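Q: Sharing a structure here in structure tokens format.
The values are calculated or read from the model by the stated rules, or taken from the named source; none is laboratory data. Worth saying up front: this structure is predicted, and the values here are computed from it rather than measured. So basically every Cβ, Gly included, is an ideal-geometry build from the backbone, and we count neighbours across all protein chains shown.
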Amino acid sequence: MRVVIAEDSVLLREGLTRLLNDRGHEVVAGVGDGEALIAAVSGLAEGGALPDVVVADVRMPPTHTDEGVRAAVRLRERFPALGVLVLSQYVEEQYATELIAGSSRGVGYLLKDRVADVSEFVEAVARVATGGTALDPEVVAQLLGRSRKQDVLAGLTPREREVLGLMAEGRTNSAIATQLVVSHGAVEKHVSNIFMKLGLAQSDTDHRRVLAVLTYLNS
């Protein structure tokens, strides 16, 4: 992967850089604020070298509120192929929803304090870089809590909702089967039913798994 890191803590930024470099990935830029992030990615794109993924904090200078996630949203609008993984201590619900709902590929939102395994973190970055999702369960719970009165998902069974929630966390069918203690075939059937009930017909251009997750989070 070719990665850009946006993190105002120098120690954390350097630590993430070393972590990814040691695992064979290339950190092509490391910046400390939102505007520098936009400038770095734009410059790389102009040179024909758009990175695979950006790892960005939410709160960065100058106000330490939401500069990082706002920059991420702007970058996704300009470069839809860019994977974006937000790594933060906070869930900024408005921008998190906007980032996820506006994505057709590669998006993640992890909470720093809940990242307990380095290998799983690197796998999450790789998953986002290749078009998948990586969402902390707490992020999913908070975003879902904003919209429980909506009935877009009313046609799903409780088990299908559970499967869709695990899909939103970025789990594979095999991982979902292990989590729910059911067969792989049962999970495939649930996923197929979810696609059908959400009206997600098979397509050569749309990633139905991502679209199903976006429907779930934006309902």
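Q: Return the residues of segment 22-48 that are over 21 Å from the mean Cα position of the chain (by Cα) and over 25 Å from residue 95 (Cα atoms); say none if nothing qualifies.
A: Residues satisfying the conditions are 22, 24, 46, 47, 48.
Q: Inspect segment 40-63 for any residue being surrounded by 19 or more Cβ atoms within 10 Å (Cβ to Cβ), part of a helix (DSSP H, G or I) and modelled with pLDDT of 95 or more and give the result as yes or no.
A: yes
Q: Is it the case that residue 4 is under 28 Å from residue 142 (Cα atoms) and at pLDDT 95 or above? Reasoning before the result, please.
A: Values: under 28 Å from residue 142 (Cα atoms): yes; at pLDDT 95 or above: yes.
In short, yes.
Q: Looking only at segment 179-219, count every residue that is out of contact with any helix residue (DSSP H, G or I) (no Cβ under 9 Å at 6 or more places or on another chain) and at pLDDT 80 or above and tell me the total.
A: Total meeting the criteria: 4.
Q: Here's another thing I want to ask about it. Kindly indicate the residue of segment 121-139 that is in a helix (DSSP H, G or I) and in contact with an Asp or Glu (Cβ under 6 Å, 6 or more places away or on another chain) and also surrounded by the most Cβ atoms within 10 Å (Cβ to Cβ) among those meeting that condition.
A: Our first condition is that a residue be in a helix (DSSP H, G or I); within segment 121-139, this holds for 121-129, 137-139.
Filter once more, keeping what is in contact with an Asp or Glu (Cβ under 6 Å, 6 or more places away or on another chain): 129, 137.
Working: 129: 23, 137: 14.
The selected residue is 129.
Q: What do you reckon, is residue 24 small (Gly, Ala, Ser), over 19 Å from residue 126 (Cβ atoms) and either in a loop (DSSP other than H, G, I, E, B) or not assigned by TED's automatic domain parsing to the domain that holds residue 124 (or both)? If you could, list the steps in order and put the result at the bottom.
A: Numbers: small (Gly, Ala, Ser): yes; over 19 Å from residue 126 (Cβ atoms): no; either in a loop (DSSP other than H, G, I, E, B) or not assigned by TED's automatic domain parsing to the domain that holds residue 124 (or both): yes.
Taking the combined requirement at face value, the residue does not satisfy it.
Q: Still on this structure: Say we look at segment 157-179 and pick out the residues that are of a type in the set (Asp, Glu) and part of a helix (DSSP H, G or I); which of these is surrounded by the most Cβ atoms within 10 Å (Cβ to Cβ)? Quick ask: steps written out before the conclusion?
A: The first filter runs over segment 157-179 and keeps only residues of a type in the set (Asp, Glu), leaving 160, 162, 169.
Narrowing further to those that are part of a helix (DSSP H, G or I): 160, 162.
On the way: 160: 18, 162: 15.
Once the filter is applied, the top-ranked residue is 160.
Q: Next question, about the same structure. Within segment 140-172, work out how many residues are under 15 Å from residue 100 (Cα atoms) and modelled with pLDDT under 85.
A: 10
Q: Also, I was wondering about something else. Just wondering, is there one or more residues in segment 88-111 that are more than 19 Å from residue 58 (Cα to Cα) and at pLDDT 85 or above?
A: Start the filter on segment 88-111 by keeping residues that are more than 19 Å from residue 58 (Cα to Cα), which leaves 104-105.
With the extra rule that they be at pLDDT 85 or above, the set shrinks to none.
No: segment 88-111 contains no residue that is more than 19 Å from residue 58 (Cα to Cα) and at pLDDT 85 or above.
Q: A further question follows. Looking at segment 107-124, I want the residues that are without any contact (Cβ under 8 Å) to a residue 60 or more places away in the chain and have a partner that is outside any helix (DSSP H, G or I) and basic (Lys, Arg) with Cβ atoms under 9 Å, at least 6 apart or on another chain. Which pairs are those?
A: Here the result reads 119/23, each pair linking segment 107-124 to a residue that is outside any helix (DSSP H, G or I) and basic (Lys, Arg).
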